[in-house]
Amino acid sequence: LGNFLGGTVGAFILAYTGVFPESVAQAGIDIATKGVEEEWFDLFFKGAMAGLIVAGVVWMDFSVDNDMARFALIYMAFFSIPLGNLYHVVVAATEAMYLVFLGEIAFSTGILEFALPVMLGNTAGGVLLVTVINYYQTPKNIHKIAEKMSIKDTIFSYERNRMSEEEVMKTSEENREH
(Lines give C-alpha, C1' and ligand atoms only; values in the text may rest on other atoms or scores of the structure.)
Protein backbone atom coordinates (compact mmCIF):
# COMPACT_ATOMS: atom_id res chain seq x y z
CA LEU A 1 0.00 0.00 0.00
CA GLY A 2 2.88 2.33 0.80
CA ASN A 3 4.38 1.85 -2.67
CA PHE A 4 1.08 2.77 -4.31
CA LEU A 5 0.63 5.80 -2.09
CA GLY A 6 4.19 6.94 -2.76
CA GLY A 7 3.75 6.38 -6.50
CA THR A 8 0.50 8.34 -6.45
CA VAL A 9 2.16 11.26 -4.64
CA GLY A 10 5.03 11.12 -7.12
CA ALA A 11 2.66 11.05 -10.07
CA PHE A 12 0.76 14.01 -8.62
CA ILE A 13 3.97 16.01 -8.20
CA LEU A 14 5.15 15.17 -11.72
CA ALA A 15 1.76 16.04 -13.21
CA TYR A 16 1.17 19.35 -11.44
CA THR A 17 4.46 21.00 -10.50
CA GLY A 18 6.41 21.47 -13.69
CA VAL A 19 9.22 19.14 -12.59
CA PHE A 20 9.21 17.76 -16.11
CA PRO A 21 9.86 20.07 -19.04
CA GLU A 22 7.11 19.79 -21.65
CA SER A 23 9.08 17.40 -23.87
CA VAL A 24 9.81 15.04 -20.97
CA ALA A 25 6.19 15.23 -19.76
CA GLN A 26 5.05 14.24 -23.25
CA ALA A 27 7.50 11.32 -23.27
CA GLY A 28 6.06 10.21 -19.91
CA ILE A 29 2.55 10.39 -21.33
CA ASP A 30 3.61 8.36 -24.37
CA ILE A 31 5.29 5.67 -22.24
CA ALA A 32 2.35 5.37 -19.85
CA THR A 33 -0.22 5.41 -22.66
CA LYS A 34 1.60 2.56 -24.38
CA GLY A 35 1.00 0.39 -21.31
CA VAL A 36 -2.66 1.35 -20.99
CA GLU A 37 -3.22 0.45 -24.65
CA GLU A 38 -1.89 -3.11 -24.22
CA GLU A 39 -4.42 -5.95 -24.21
CA TRP A 40 -5.48 -7.22 -20.77
CA PHE A 41 -3.99 -10.72 -21.18
CA ASP A 42 -0.78 -9.33 -22.68
CA LEU A 43 -0.41 -7.18 -19.55
CA PHE A 44 -1.12 -10.22 -17.38
CA PHE A 45 1.57 -12.36 -19.01
CA LYS A 46 4.10 -9.54 -19.15
CA GLY A 47 3.34 -8.97 -15.48
CA ALA A 48 3.83 -12.68 -14.80
CA MET A 49 7.28 -12.61 -16.38
CA ALA A 50 8.19 -9.55 -14.31
CA GLY A 51 6.87 -11.35 -11.22
CA LEU A 52 9.19 -14.27 -11.97
CA ILE A 53 12.13 -11.86 -12.19
CA VAL A 54 11.30 -10.08 -8.94
CA ALA A 55 10.73 -13.35 -7.06
CA GLY A 56 13.95 -14.71 -8.53
CA VAL A 57 15.88 -11.70 -7.28
CA VAL A 58 14.43 -12.11 -3.79
CA TRP A 59 15.37 -15.79 -3.82
CA MET A 60 18.86 -15.28 -5.29
CA ASP A 61 19.64 -12.33 -3.02
CA PHE A 62 20.13 -14.74 -0.12
CA SER A 63 22.96 -16.51 -1.93
CA VAL A 64 24.93 -13.31 -2.56
CA ASP A 65 27.46 -12.39 0.12
CA ASN A 66 29.11 -9.43 -1.60
CA ASP A 67 27.53 -5.97 -1.71
CA MET A 68 28.71 -5.22 -5.25
CA ALA A 69 27.44 -8.57 -6.50
CA ARG A 70 24.10 -7.91 -4.77
CA PHE A 71 23.89 -4.47 -6.40
CA ALA A 72 24.72 -5.93 -9.82
CA LEU A 73 22.17 -8.74 -9.40
CA ILE A 74 19.37 -6.38 -8.42
CA TYR A 75 20.24 -3.73 -11.00
CA MET A 76 20.55 -6.13 -13.92
CA ALA A 77 17.44 -8.11 -13.03
CA PHE A 78 15.23 -5.09 -12.45
CA PHE A 79 16.61 -3.31 -15.50
CA SER A 80 15.55 -6.31 -17.59
CA ILE A 81 11.89 -5.56 -16.78
CA PRO A 82 11.63 -2.38 -18.88
CA LEU A 83 14.14 -3.71 -21.41
CA GLY A 84 11.90 -6.72 -21.94
CA ASN A 85 8.81 -4.50 -22.22
CA LEU A 86 7.46 -6.13 -19.06
CA TYR A 87 5.43 -4.48 -16.30
CA HIS A 88 5.55 -4.26 -12.53
CA VAL A 89 2.44 -3.19 -10.65
CA VAL A 90 4.04 -0.34 -8.70
CA VAL A 91 5.28 1.31 -11.88
CA ALA A 92 2.04 0.53 -13.74
CA ALA A 93 -0.08 2.07 -10.98
CA THR A 94 2.17 5.15 -10.89
CA GLU A 95 1.97 5.56 -14.66
CA ALA A 96 -1.81 5.13 -14.52
CA MET A 97 -2.14 7.77 -11.81
CA TYR A 98 0.09 10.14 -13.81
CA LEU A 99 -2.30 9.81 -16.75
CA VAL A 100 -5.32 10.19 -14.44
CA PHE A 101 -3.93 13.41 -12.96
CA LEU A 102 -3.30 14.78 -16.45
CA GLY A 103 -6.85 13.88 -17.51
CA GLU A 104 -5.64 11.43 -20.17
CA ILE A 105 -7.60 8.44 -18.80
CA ALA A 106 -10.29 7.70 -16.23
CA PHE A 107 -9.26 6.36 -12.83
CA SER A 108 -11.18 3.13 -13.42
CA THR A 109 -9.42 2.58 -16.74
CA GLY A 110 -5.99 3.00 -15.17
CA ILE A 111 -6.72 0.66 -12.30
CA LEU A 112 -8.92 -2.01 -13.90
CA GLU A 113 -7.41 -2.14 -17.37
CA PHE A 114 -3.75 -1.50 -16.57
CA ALA A 115 -2.70 -1.94 -12.93
CA LEU A 116 -5.02 -4.88 -12.15
CA PRO A 117 -3.86 -7.28 -14.88
CA VAL A 118 -0.24 -6.38 -14.13
CA MET A 119 -0.76 -7.00 -10.40
CA LEU A 120 -2.44 -10.35 -11.03
CA GLY A 121 0.36 -11.32 -13.42
CA ASN A 122 3.09 -10.24 -10.97
CA THR A 123 1.41 -12.31 -8.28
CA ALA A 124 1.00 -15.38 -10.50
CA GLY A 125 4.59 -15.24 -11.73
CA GLY A 126 6.02 -14.78 -8.25
CA VAL A 127 3.90 -17.53 -6.73
CA LEU A 128 4.80 -19.91 -9.57
CA LEU A 129 8.53 -19.41 -9.06
CA VAL A 130 8.34 -19.71 -5.27
CA THR A 131 6.18 -22.84 -5.54
CA VAL A 132 8.53 -24.55 -7.99
CA ILE A 133 11.64 -23.62 -6.00
CA ASN A 134 10.13 -24.71 -2.70
CA TYR A 135 8.99 -28.01 -4.19
CA TYR A 136 12.38 -28.89 -5.61
CA GLN A 137 14.29 -27.67 -2.56
CA THR A 138 12.21 -29.85 -0.25
CA PRO A 139 13.98 -33.11 0.60
CA LYS A 140 12.49 -36.19 -1.06
CA ASN A 141 11.66 -37.84 2.26
CA ILE A 142 9.33 -34.94 3.08
CA HIS A 143 7.51 -35.52 -0.24
CA LYS A 144 7.05 -39.17 0.75
CA ILE A 145 5.61 -38.16 4.12
CA ALA A 146 3.31 -35.59 2.53
CA GLU A 147 1.95 -38.17 0.08
CA LYS A 148 0.86 -40.34 3.02
CA MET A 149 -0.71 -37.53 5.06
CA SER A 150 -4.41 -36.83 4.98
CA ILE A 151 -5.66 -33.47 3.74
CA LYS A 152 -6.56 -32.58 7.33
CA ASP A 153 -3.00 -33.30 8.50
CA THR A 154 -1.52 -31.37 5.61
CA ILE A 155 -3.60 -28.28 6.31
CA PHE A 156 -3.83 -28.31 10.11
CA SER A 157 -0.56 -29.93 11.31
CA TYR A 158 1.27 -26.81 12.36
CA GLU A 159 3.87 -28.81 14.24
CA ARG A 160 4.65 -31.29 11.48
CA ASN A 161 7.98 -29.61 10.68
CA ARG A 162 9.11 -30.33 14.22
CA MET A 163 7.91 -33.91 14.22
CA SER A 164 9.96 -36.93 13.21
CA GLU A 165 8.85 -38.97 10.23
CA GLU A 166 7.56 -41.67 12.58
CA GLU A 167 5.49 -39.15 14.56
CA VAL A 168 3.98 -37.70 11.39
CA MET A 169 3.07 -41.14 10.09
CA LYS A 170 1.58 -42.16 13.45
CA THR A 171 -0.50 -38.96 13.66
CA SER A 172 -1.65 -39.36 10.08
CA GLU A 173 -2.70 -42.96 10.64
CA GLU A 174 -4.54 -42.08 13.86
CA ASN A 175 -6.50 -39.33 12.09
CA ARG A 176 -7.46 -41.67 9.26
CA GLU A 177 -8.89 -44.14 11.77
CA HIS A 178 -11.23 -41.50 13.26
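The values are calculated or read from the model by the stated rules, or taken from the named source; none is laboratory data. Only a predicted model underlies this, so the values are computations on that prediction, with no experimental measurement involved. Methodologically, a virtual Cβ is constructed for each residue, glycine included, from the backbone with ideal geometry; neighbour enumeration extends over all protein chains shown. Surface areas here come from the heavy atoms of the whole protein model, side chains and all, with no ligands, DNA or RNA. Shrake-Rupley method; radii C 1.70, N 1.55, O 1.52, S 1.80 Å.
In the range 17-100, inverting the average of 1/r over every pair of distinct C-alpha atoms gives 14.4 Å as the Kirkwood radius.
Looking at the range 1-63, the GluC sites (Glu not before Pro) that sit in a DSSP loop and have at most 15 other Cβ atoms within 10 Å of their own Cβ are E37, E39.
Taken over the chain, lysine pairs spaced eight or more positions apart, or on distinct chains, with alpha carbons under 26 Å apart number 8. With a 1.4 Å probe and all protein chains left in place, how much of the accessible area of the chain comes from carbon and sulfur atoms, in whole percent? About 66 percent, which is the carbon plus sulfur part of the accessible surface. When the square roots of the Cα gyration tensor eigenvalues are ordered a ≥ b ≥ c, the ratio a/c for the range 56-119 is 1.5 or more and a/b exceeds b/c, which makes its shape prolate. In the context of the full set of protein chains, the chain has a per residue accessible area of 66 Å² (1.4 Å probe). Simple point charges give the picture: +1 on the Cβ of Lys and Arg, -1 on the Cβ of Asp and Glu, and for the chain a dipole about the Cα centre of about 340 debye.
Using every pair of distinct Cα positions in the chain, the Kirkwood expression returns a hydrodynamic radius of 19.3 angstrom.
Working from label points 7 Å from Cα in the Cα-to-Cβ sense, the I155 to M68 distance is 5.3 nm. With a Förster radius of 35 Å applied to the C-beta separation of I13 and K148, the computed FRET efficiency comes to 0.05.
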